[in-house]
Ligand SMILES: [Zn+2]
């Protein structure tokens, strides 16, 4: 589904996966669960593009619903993989992920792990990746990032929070590493100017998204 000119959400995958046009190239934001790769590739082809048009895959955080098809998508696109500094070693399989608070998620992630991928680019605050500006938004995970498209005025927030069933809500506490930090990150996001907010789950928030996020944050504390 097209969100705005040059930005698309891949239909029918688990976690919201986005494609952003960067000139002739495409940037893929997150990769969904296992076996979402075929749907993502089909969607890219439905735009009249090839998987190898994807030059960069950016991961908002290491969780399995965002990295499950990362290895397959890396193989299909030959793209550079970019991950926030604090999650990079987890994605690379060099560091164990913190134990999830949610017991089902804990049991699930102890047996099923995404195939490790060594990131090509480790992202820091203010870095530019595929035309997007990196904003560190720790809390949901230590290395969670948000990405701002300043030209299109679109903010990708990963799982920092979401717009769900018509209202802005925090990510469920049981999936957050540190909810107090996640709240601060919502405040940080609210200081930027954007018209559209796209989360890792839920629906697009538009128009006037940054104003709505400011109001949401003001009522959080
Ligand atoms: Zn998550």
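Please treat every number below as a calculation from the coordinates, not as lab data. Please read all numbers here as calculations on a predicted model, not as lab measurements. A quick note on method: Cβ atoms are made from the backbone with ideal geometry, for glycine too, and the neighbour counts reach across all protein chains shown.
Observations
- Flag for residue 94 being touching a strand residue (DSSP E or B) at 6+ places or on another chain (Cβ under 9 Å) and without any contact (Cβ under 8 Å) to a residue 60 or more places away in the chain: no
- Leading residue by the ranking (surrounded by the most Cβ atoms within 10 Å (Cβ to Cβ)) among those in the stretch 119-142 that are touching a residue at least 12 places away in the same chain (Cβ under 8 Å), more than 16 Å from the ligand (Cβ to nearest atom) and assigned to a strand (DSSP E or B): 132
- Some residue of the stretch 103-110 being at positive phi and either assigned to a loop (DSSP other than H, G, I, E, B) or away from the ligand (no atom under 14 Å from the Cβ) (or both): no
- Hits in the stretch 152-182 (condition: within 16 Å of the ligand (Cβ to nearest atom) and out of contact with any helix residue (DSSP H, G or I) (no Cβ under 8 Å at 6 or more places or on another chain)): 156, 162, 163, 164, 169, 172, 177, 178, 181, 182
- Looking only at the stretch 60-91, and only at residues there that are in contact with a strand residue (DSSP E or B) (Cβ under 8 Å, 6 or more places away or on another chain) and in contact (Cβ under 8 Å) with a residue 60 or more places away in the chain, the one that is nearest to residue 15 (Cα to Cα): 66
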